[in-house]
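Only the coordinates and a few stated rules stand behind these numbers; no lab work does. Not measured: the values here are computed from a predicted model. For neighbour counting, all protein chains shown are included, and Cβ atoms are generated from backbone atoms with ideal geometry for every residue, glycine included.
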Amino acid sequence: MLHSIIATNTNQKKNLSSSRHAIVIGGSIAGLLTARVLADYFDLVTILERDRFPEKPIPRPGVPQSHQLHVLLSQGLRIIEQLFPGIKDELAVKGASTIDWAADYRLLLSRGWAPRFPSKITSCSCTRNLLEATIRQRLNSYSNLEFKEANFVTGLLSDTSNTGVTGVLVKDANGIEAELSAQLVIDASGRNSNAPNWFQSLGYDRPTQTAINSFLGYSSRWYQSLSGEPFDYKVLYIIPSAPDCPRGGVLYQVEGNYWIVTLIGVGKDYPPTDEAGFLDFAQSLRSPEIYEAIKDAQPISPIYGYQRTENRLRHYEQMSRLPENFLVVGDAVCAFNPVYGQGMTAAANGALTLDKCLKQYQHRSNEDAIGMGKHFQKQLAKVNTDPWLIATGDDFRWPTTQGGQPNLMTRLMQWYVEQVMLTASQSAKVYKVLLKVLHLLEAPTALFQPAVLAIVLLNIAIGRSKFTSKAPDETSTNLRSEQ
Ligand SMILES: Cc1cc2nc3c(=O)[nH]c(=O)nc-3n(C[C@H](O)[C@H](O)[C@H](O)COP(=O)(O)OP(=O)(O)OC[C@H]3O[C@@H](n4cnc5c(N)ncnc54)[C@H](O)[C@@H]3O)c2cc1C
C-alpha cells in the first residue's frame with residue numbers, strides 16, 4: 001500500500017505545504033552530520049534510518065562495525081565541534097577523554113617506538129556509539145529536523161522525465177510502503193548503498209568504482225580493565241609493518257575506562273575470533289605488550305570479527321548524467337580501509353563541503369540550481385583525494401593488495417613516505433608533521449616541506465637502523481630531541 005507520509009504525519013514540526021524538505025537516507029555519522037548542515041537551509045529535514053536507535057550508546061545492527069574500535073581524527077573532532085559547539089565538553093562529561101596523539105599514544109612504527117611529547121594534536125577517545133548518540137541528541141533539539149526510525153528506503157521517486165529525484169519510497173517496520181517527497185534527497189546509507197541500482201532503474205548509468213583491497217581483518221574484544229594498569233598511554237598501537245609483518249594490534253581506552261582491544265591482520269592473515277586463537281595472535285605481535293595486557297584480563301564481550309575493509313570509491317563525480325536533487329555522501333561514495341581511522345572525518349569533511357555548496361546555490365531558483373549535484377560530487381571527490389591517497393598508498397605497500405598497480409610516481413611517493421615513517425621514530429619534528437597529515441589536518445604535501453625533507457634525507461644518508469621486525473628498546477636518539 002502506498003500513501004504519502006507527508007500528507008499523513010501529524011507529528012511534523014512544520015507545515016510542509018509551502019516548505020522545502022530534505023531527506024537523508026541513513027542516520028549514522030555521515031547522515032547525522034549532513035542533516036545538521038541541511039537544517040540551516042531547509043524547512044524540514046527528515047532522517048530515514050532502517051534501525052531503531054538504542055536508548056543507550058551501544059552497537060546497533062545497521063552499523064555492524066560499531067563493535068569495532070573507532071578513532072576520531074583530530075580534524076574530525078574539529079569539524080564536529082564546529083557543527084555542534086561544546087560537543088567536546090559534552091563528550092568529556094560522558095566519559096570520553098582528551099587524547100594528545102603524541103603524548104598519550106604509544107605507537108610502534110616499523111622500526112621503533114614513536115617519540116612521546118605534548119603535540120596539541122588532540123581528539124577525544126570514546127566509542128563511536130557514544131559519539132553517534134551524542135550527535136543524535138544534539139540534533140533532537142532542532143525543531144526543523146525529524147528522525148524516522150525503522151524506515152527502510154527501497155527506491156527513489158523521480159519526475160516524469162526522470163531528470164530529477166522528487167523523493168523516496170520507504171518501507172516501515174510493518175512492511176507498509178509509502179512515498180515521501182522532498183526537494184533534495186541525500187544518500188548516506190554507507191558502504192552497501194543501493195544508489196547505483198537506483199540510478200540504473202531510473203535509466204542512468206551506474207557509477208564506475210575503484211576498489212583496492214589489502215584484505216585486512218579486525219578482531220576486537222572489550223575489557224573492563226587490563227593487566228598492568230595504569231598505563232602511561234590511552235592508546236597503544238603496534239602497526240602492521242609491510243612487507244614482512246602483517247600483524248598488528250591496538251589497545252584503546254574509551255568511556256567508562258573500558259578498553260577495546262583490536263587485533264589486525266593484513267593479506268588475509270585474519271585474526272581469529274576464538275579465545276585461544278585471539279591470544280595466540282596477540283602473542284605473535286612484534287611487541288609483547290598487548291598479549292601481556294590481555295592474557296589474564298577479564299573480557300566483557302565476545303570477540304567480534306570484521307573483514308569487509310577494502311577501499312571503495314564510487315566515481316559519481318565522473319558521471320556525465322546525474323539526476324537532479326540527489327547527492328551521495330560518506331561511505332556510500334568513498335569507504336576507506338578502517339585501519340587509517342578516516343571514515344568519520346571524511347564524512348565530516350563532506351558535511352562542510354555540502355555547506356559550501358548549499359551556500360553557493362541557496363539564492364538560486366530551481367532552474368538555476370540545476371547541476372548542483374554534479375558540482376557537489378566533484379567537490380566531494382576533491383576533498384576525499386588526500387585520505388584516499390593515504391589509505392591506498394599505504395595499502396599498496398603490501399604485495400597481497402589487489403585492485404590495480406601503483407604507477408611509478410606512486411611508488412616513488414611510497415618510498416619517500418616509508419622513509420618519513422622510518423625517520424618519525426627518530427625525530428619528533430618529522431613525527432609531528434606525519435601526525436598532522438594522518439589526522440587530515442594538513443595535506444600529504446606537508447611531508448615534502450624543506451624542514452622535514454632535510455631531516456628525512458639526513459636519516460637516509462646516515463643509513464639509520466637496519467630493519468628488525470622486533471620492537472627495539474626505547475632508547476633516545478640524537479634525532480629525537482628536535483621538536
Ligand atoms: C571495522 C571498521 C572500523 C572503522 N574504524 C573507523 C575509525 O577508527 N575511524 C573512523 O573515522 N572511521 C572508521 N570506520 C568507518 C566508519 O564506520 C564510517 O566511515 C562512518 O560510520 C561513516 O559512515 P556512513 O555514515 O557513511 O555509513 P554507515 O556508518 O555504514 O551508516 C549507514 C547508515 O545507513 C543506514 N541505512 C543503510 N541502508 C539504508 C536504507 N536503505 N534505508 C534507511 N537506512 C539505511 C544504516 O542502518 C546505517 O545507520 C570504520 C569502519 C569499519 C568497517
Taking every C-alpha to C-alpha distance in the range 215-306 and binning by 5 Å from 0, the per-bin percentages run 3, 15, 29, 27, 16, 8, 2, 0
Quick note on R321, R111, ordering by fewest other C-beta atoms within 10 Å, gives R321, R111
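What shape does the range 380-462 take by its C-alpha gyration tensor, where a ≥ b ≥ c are the square roots of the eigenvalues and a/c under 1.5 counts as rounded, a/b above b/c as prolate, and the rest as oblate?
The shape class here is oblate.
Which order, highest average first, do 291-302, 420-431 follow once you tally other Cβ atoms within 10 Å for each residue and take the mean per peptide?
Numbers: 291-302: 15.1, 420-431: 24.1.
Answer by packing, highest mean first, reads 420-431, 291-302.
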With a 22 Å threshold on alpha-carbon distance, the violating pairs from K56/K234; K120/K295; K234/K436; K234/K432; K268/K378 are K56/K234; K120/K295; K268/K378
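Which order do the peptides 30-36, 376-382 take when ranked by the mean count of other beta-carbon atoms within 10 Å per residue, highest first?
My ranking of the peptides, most packed first, is 30-36, 376-382.
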Given the candidates W222, P243, L285, the one whose Cα lies deepest towards the positive end of the charge dipole of the range 215-306, counting +1 at each Lys or Arg C-beta and -1 at each Asp or Glu C-beta, is P243
Cα-based Debye curve of the range 59-174 sampled at q = 0.10 Å⁻¹ gives log₁₀ I(q)/I(0) of -0.50
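Only Cα pairs under 8 Å and at least 6 apart count here; give the relative contact order of the chain as a rounded whole percent. Could you put the intermediate results ahead of the total?
Numbers: 984 pairs, mean separation 92.1, N = 483.
Reported as a whole number, the value is 19 percent.
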Partner aspartates and glutamates whose C-alpha sits under 16 Å from that of K94, ignoring same-chain residues fewer than 8 away, are E55, E81, E132, E255
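What value, in deg cm²/dmol to 500, does the helix sum -39500 (n - 2.57) over DSSP H runs of n ≥ 4 give at 222 nm once divided by the residues of the chain? Before the final figure, lay out each step's value.
Numbers: 13 runs with 149 residues, N = 483.
-9500 deg cm²/dmol, from helical runs alone.
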Reduced to Cα centres, the span from the range 32-80 to the range 391-427 in Å works out to 32
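Express in nm, to one decimal, how much length is gained between W415 and A443 on full extension, taking 0.36 nm for each residue of separation and deducting their alpha carbon distance. Before the final figure, lay out the partial values.
Numbers: separation 28, 0.36 × 28 = 10.08 nm, distance 1.75 nm.
Extending this stretch completely gives an extra 8.3 nm.
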The chain: Kirkwood hydrodynamic radius (Cα pairs, Å) comes out at 23.6
